[in-house]
Structure formats: structure tokens, C-alpha cells
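The structure appears below as C-alpha cells.
The values are calculated or read from the model by the stated rules, or taken from the named source; none is laboratory data. Everything numeric here is computed off the predicted structure, so don't read it as measured data. Please note: Cβ atoms are built from the backbone with ideal geometry, for glycine as well, and neighbour counts cover all protein chains shown. Surface areas here come from the heavy atoms of the whole protein model, side chains and all, with no ligands, DNA or RNA. Shrake-Rupley method; radii C 1.70, N 1.55, O 1.52, S 1.80 Å.
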Amino acid sequence: MSKKIKIVLVDDHAVVRAGVKRLLEQEDLFEVTGEAESGEKAYQLFGELNPDVMVMDLSMPGMGGLEAIRRILMRYEKAKILVLSMHEDLSFANQALKLGAKGYLIKNTLGDDLVKSIQAISKGEVFLSDEIAKKIAMQSIDGDQDTIDTLSAREFEIFRLLAEGLEVEAIATTLNISSKTVSNYQTMIKQKLNINTPVELIRYAIKAGVIKN
């Protein structure tokens, strides 16, 4: 019998983890070897369990999924990470793929895609939800790059946290960097996105689908 694909699930909702685990364990191909409810825990578990594929949500309290992906891949460059997210907006998918995630699935389109995506990613392939693949294709045809996609992963994560109402000090603590560094990033983000006030920043974030209205 072929070796099972070892998976770690990362989502702050236990119900979602249980649902995904149930879907996976119906197949004889997979073994869920660990679960994490935060980016911090995901980083720790990756080192301990060395899964074949890590299935990761993006929106979690504290260090979000993007920051976790960045840290995991900086330390374990061969890590295979599949993003499983509610976010259908390209900004999140583009950032995750830019960081080195091997796949991006939208939660409401799971079904067969979950099995196919994990199999593909475990072999070193890339897998995208049809909807995301179409949007990326349209973006490259139109040649339109949204300004938000010019943000680096770290800038995007700080932008997201600012839009969610976190103060500079709280962001510094969450990302384990200095307040001065966060302030510098904040200035660069405002320049890149051509925004001047906190209200403009929140409006931009809602328009880009980074936070919900």
C-alpha cells in the first residue's frame, strides 16, 4: 500500500477543521497528523511534524496565515502549503502565491477539489480553485495589476491589520517587530496606495475585499 499523505490543518474554527478532517479521512490516501488554531501554532507544528502538505486558513487572530506562510517557507523552503480561504479576492491569492503557497482553494468550492489539490501539491504541482485561476488569467490578459498587488507580503499583512483597527504597537507585538518598523511600513503603504487618512485606508481595504463592510 502506498504511503499516506501526512497533513496538518490550520484554521481558528474547530468546526471547520473537523469538517475538513472528515472529508479527508473518507479517503484512504490521507492522514491528518496535527491541527493548529493559529499561525504561531502552525509554524511550531510544521517543525515538529514535517507534514507533506499543510492546509492553512488566512484569516486568524494574531499572526495571520500570510505571515505564517512567510515564516514557514523562510525556514523550511520545501514546505508545501495549500491555502483554504473564504477570500475570493485576488489580492489574498496573489499574496499567498507570491510567498510560495502551492495552492489556493476557496472554502465554498471544496468537494472533489480538496482531494485533487492535496494530491497535486504533494507531487510538487500547483493547484488553484477554478474561480481564482480564471481571475488570474483575466488579470494577465487585461494587463491590469491592482495597486494593492504591488504591496509586499509584509506590507499587505500590516495593511490588513491596520484596516482591522489595530494600533501600531499591537501590530508590532503581533508580528514581533518594532513599532518604528511598523510606522515605516505604514508610511510606505500610504504612499503606494495613495491614501492619507485612516478612513481612506479602511475604505480602500473594503473595496479591495481585504476586510468585510
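Taking the residues in the range 116-132 that are in a helix (DSSP H, G or I) and open to solvent by less than 40 Å² (accessible area, probe 1.4 Å) as candidates, determine which candidate is nearest to residue 24 (Cα to Cα). The selected residue is 118. For the range 137-153, a tally of residues being touching a Ser or Thr at 6+ places or on another chain (Cβ under 9 Å) and either open to solvent by 30 Å² or more (accessible area, probe 1.4 Å) or on the phi > 0 side of the Ramachandran plot (or both) returns 1. Remark: residue 170 falls outside the filter, which requires a residue to be surrounded by 18 or more Cβ atoms within 10 Å (Cβ to Cβ) and under 30 Å from residue 194 (Cα atoms). Residue count for the range 68-112, restricted to those that are closer than 19 Å to residue 44 by Cβ, outside any loop (DSSP other than H, G, I, E, B) and more than 10 Å from the chain's Cα centre (by Cα): 5. Pairs linking a residue in the range 44-72 that is on the phi > 0 side of the Ramachandran plot and modelled with pLDDT of 90 or more to a residue that is open to solvent by 40 Å² or more (accessible area, probe 1.4 Å) and in a loop (DSSP other than H, G, I, E, B), with Cβ atoms under 8 Å and 6 or more positions apart or on different chains, are 50/76. Scanning the range 1-33 for residues that are crowded, with 18+ Cβ neighbours inside 10 Å and farther than 16 Å from residue 59 by Cα, we see that the one that is nearest to the chain's Cα centre (by Cα) is 8.
Each residue in the range 191-213 was checked for being in a helix (DSSP H, G or I), in contact with a helix residue (DSSP H, G or I) (Cβ under 9 Å, 6 or more places away or on another chain) and exposed (fewer than 14 other Cβ atoms within 10 Å of the Cβ), and 3 of them qualify.
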